[in-house]
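Reading through the structure tokens given below for one structure.
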Amino acid sequence: MASLAPWRFENLLVSDGFNPFVALGPLGGLFDRHHEHVRQFLLRAAPNEADVDDLVQETFLTAARAAASFDGRETARPFLIGIAVQLLRRRRRTFARLRSLLESFGKTPTPPLSTPEDEASLAEDEARIRDAIARLTDERRLVLVMVEWNGMSGVEVARVLGTPVGTVWRRLHEARAEVRRMLERGAP
């Protein structure tokens, strides 16, 4: 393998016989470099903040298993965000099946209520923005978070989501406009 920058994904994970349970050093290096970016993405994109740390861990373990599919970009961040998106989608489908099963038994799960202490710890503006983003559809929310908070390009987002670039830009425009309207109306 040609000599690459030490932070390249290939250098960290792709090697003959890589086993993430034996070679945790490279996985740890990847985690140290990108975990906060992945965590911030998930904090904004996941419907339940309590799941974020588990999803971050699962993202990196999945990345170790999927290292051979990395396309050789300069940074692994879009690859990792893409994995996080897929895990969010999988979790949503799993919970939808669970909810359906529970409803068939006559029980509907209720989302956990936030405590007053949690609310007090957030700044008022941040809470309003976060709430507005949470009200977006999944498609709009994912695009907005990937572009605005994770600095991904429209092409990268399109590749991760498997949609045309024009669709990404339309969803981003619609998401921005919808959040702006909600904030102007003073939506809670």
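The values are calculated or read from the model by the stated rules, or taken from the named source; none is laboratory data. Everything quoted here is computed from the prediction, not taken from an experiment. As a convention, Cβ positions derive from the backbone with ideal geometry for all residues, glycine included, and neighbour counts pool all protein chains shown.
Of note, ASN19 does not satisfy the criterion of being in a helix (DSSP H, G or I), at pLDDT below 85, farther than 25 Å from THR137 by Cβ and polar (S, T, N, Q). Looking at the structure I just gave you, is ALA84 assigned to a helix (DSSP H, G or I), crowded, with 19+ Cβ neighbours inside 10 Å and touching a residue at least 24 places away in the same chain (Cβ under 8 Å)? Criteria met by ALA84. Say whether the condition of being loosely packed, with under 14 Cβ neighbours inside 10 Å, hydrophobic (A, V, I, L, M, F, W, C) and touching a helix residue (DSSP H, G or I) at 6+ places or on another chain (Cβ under 9 Å) is met by at least one residue in segment 46-56. Taking every residue of segment 46-56 in turn, none turns out to be loosely packed, with under 14 Cβ neighbours inside 10 Å, hydrophobic (A, V, I, L, M, F, W, C) and touching a helix residue (DSSP H, G or I) at 6+ places or on another chain (Cβ under 9 Å). Annotation note: Cβ proximity below 7 Å between a residue of segment 61-79 that is over 23 Å from SER153 (Cβ atoms) and of a type in the set (A, V, I, L, M, F, W, C) and a residue that is part of a helix (DSSP H, G or I) and modelled with pLDDT of 75 or more (sequence gap 6+ or interchain) occurs for no pair. Count of segment 131-174 residues, restricted to those that are of a type in the set (Gly, Ala, Ser), surrounded by 15 or more Cβ atoms within 10 Å (Cβ to Cβ) and in contact (Cβ under 8 Å) with a residue 40 or more places away in the chain, is 1.
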